[in-house]
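This report refers to the structure that appears directly beneath it.
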Amino acid sequence: MKKIFFIDFDGTITTLDSCTAMVEAFARDGWQEINQRWEQKELGTEDCANQTLALFDVSPEKLKDFLKNIAIDEFFPQFLQHCRKNGYPVYILSDGYDLNIQTILDEHQLQLPYYCNELIYTDCFQIRCPHKNDECGNCGTCKSSLMKRLKEKDSQTIYIGDGYSDICPASQADLVFAKEPLYSICQEKGIAAVPYQNFYDIIVIQGLA
């Protein structure tokens, strides 16, 4: 059966969350309370992000330089190579930002399609959410809607993720690979998930090599 992979970006492809890292590096105090309200679903991603970005004091150029130092899973390029060899589509579905994803992919000379929020800078940073589900509004990028649109007939849908924005798409996938906290949340919600440490585990378990 053909496989199609949908993959979270921050904390999944990257070794740490680039959004959290840049907030910790450049946002003034107050972001912690905003983030807590997002985790408790009192704020959607768009409101949370724009309130947090209002606390930023950094230029786009300096932010890009910072993002270039974000590491990725060392086995992800190998995983991607095996998927392409087998003809398996790979999509990034992220509730993060296009600037982060494009900068980090360019730094590691990787190219693949992604869907995410847009980070815009005029006199300050703001985000736009072109893939938002207005009926829900929790996430800036509705990964479940994108999966339904992008999945192919008679293909096994595989989701790989680690965080809160991955809960809904994990419930829609045929197979889930999860890191914490997603793995524990899947267990609590009765969603079957396979724990993994890095993309080499997925290469082996899926027999991609």
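What follows draws every value from the coordinates through simple rules; no lab data is involved. Note that the coordinates shown come from a computational prediction; the quantities given were computed from them, not determined experimentally. Glycine also receives a Cβ, built like all others from the backbone with ideal geometry; neighbour counts cover every protein chain displayed.
Things to note:
- Spacing of the modelled spin labels on Ala209 and Met1, each 7 Å from Cα toward Cβ, amounts to 2.5 nm.
- Region 1-68 versus region 73-130: alpha-carbon centroid distance in Å: 14 Å
- Here each label is just a point 7 Å from Cα along the line to Cβ, and for Asn69 and Leu150 those points are 3.0 nm apart.
- Percent RCO, i.e. relative contact order, over region 1-60, from Cα pairs under 8 Å lying at least 6 residues apart: 32 percent
- Given charges at beta-carbon only (K, R positive; D, E negative), |dipole| of the chain in Debye: 900 debye
- Only helices enter the 222 nm calculation for the chain: every DSSP H run of n ≥ 4 contributes -39,500 (n - 2.57), and dividing by all residues gives -11000 deg cm²/dmol, rounded to 500.
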